[in-house]
1. Calculate the translational D of segment 5-120 in whole µm² s⁻¹ from Stokes-Einstein, where the hydrodynamic radius comes from the Kirkwood formula applied to all Cα pairs, the temperature is 37 °C and the viscosity 0.692 mPa s.
2. Place the peptides 15-22, 111-118 in order of packing, highest mean first, counting for every residue the other Cβ atoms within 10 Å and averaging per peptide.
3. Can you say what percent of the DSSP beta bridges in segment 5-120, counting only those with both residues inside, are antiparallel? Round to 5.
4. Return the calculated 222 nm mean residue ellipticity for the chain, to the nearest 500 deg cm²/dmol, obtained by summing -39500 (n - 2.57) across DSSP H runs with n ≥ 4 and dividing by the residue count.
5. If I model a spin label as a point 7 Å beyond the Cα along the Cα-Cβ vector, how far apart are those points for residue 37 and residue 95 in nm?
6. Quick one: if you stick a label point 7 Å off each Cα along the C-beta vector at residue 21 and residue 117, how many nm between them?
7. Run the numbers for residue 84 and residue 44: contour at 0.36 nm per residue of separation, minus the present Cα-Cα distance, in nm.
């Protein structure tokens, strides 16, 4: 499983996704690490916060696992590493144009999917 990637889409009450330096928290799995554990680790390393729960959004995109949750965390309550910029962004908003192509595509798929619609529409 080492080398697979995990990404975490953490949402606030308005349906915006938390970004760390312009992308959702993500990492490569360590040898022997489960995707769930890797996702929780990636989020904690990027924000200083521990999530209680994650739900699987996508699985199988050539070693990529995407999880989501709606913890509605206040930015001022988070403790990212020095120099890391955290912000929320609507996954289907105009501001996504400034993001990298991979992040834009992931957020568009998520916003169009039933998981997001169930939570926020």
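Computed from the coordinates by the stated procedures, all read-outs in this text should not be read as laboratory data. Keep in mind the model is a prediction, meaning the values are calculated, not measured. As a convention, Cβ positions derive from the backbone with ideal geometry for all residues, glycine included, and neighbour counts pool all protein chains shown.
1. Numbers: Rh = 14.1 Å.
So the translational diffusion coefficient is about 233 µm²/s.
2. On the way: 15-22: 19.4, 111-118: 13.9.
Descending mean neighbour count gives 15-22, 111-118.
3. Numbers: 13 of 19 bridges.
Given both bridge residues lie in segment 5-120, the antiparallel proportion sits at roughly 70 percent.
4. Numbers: 3 runs with 32 residues, N = 121.
Using -39500 (n - 2.57) per qualifying helix, the result is -8000 deg cm²/dmol.
5. 3.5 nm
6. Modelled inter-label distance: 3.5 nm.
7. Using 0.36 nm per residue and subtracting the Cα-Cα distance, I get 13.1 nm.
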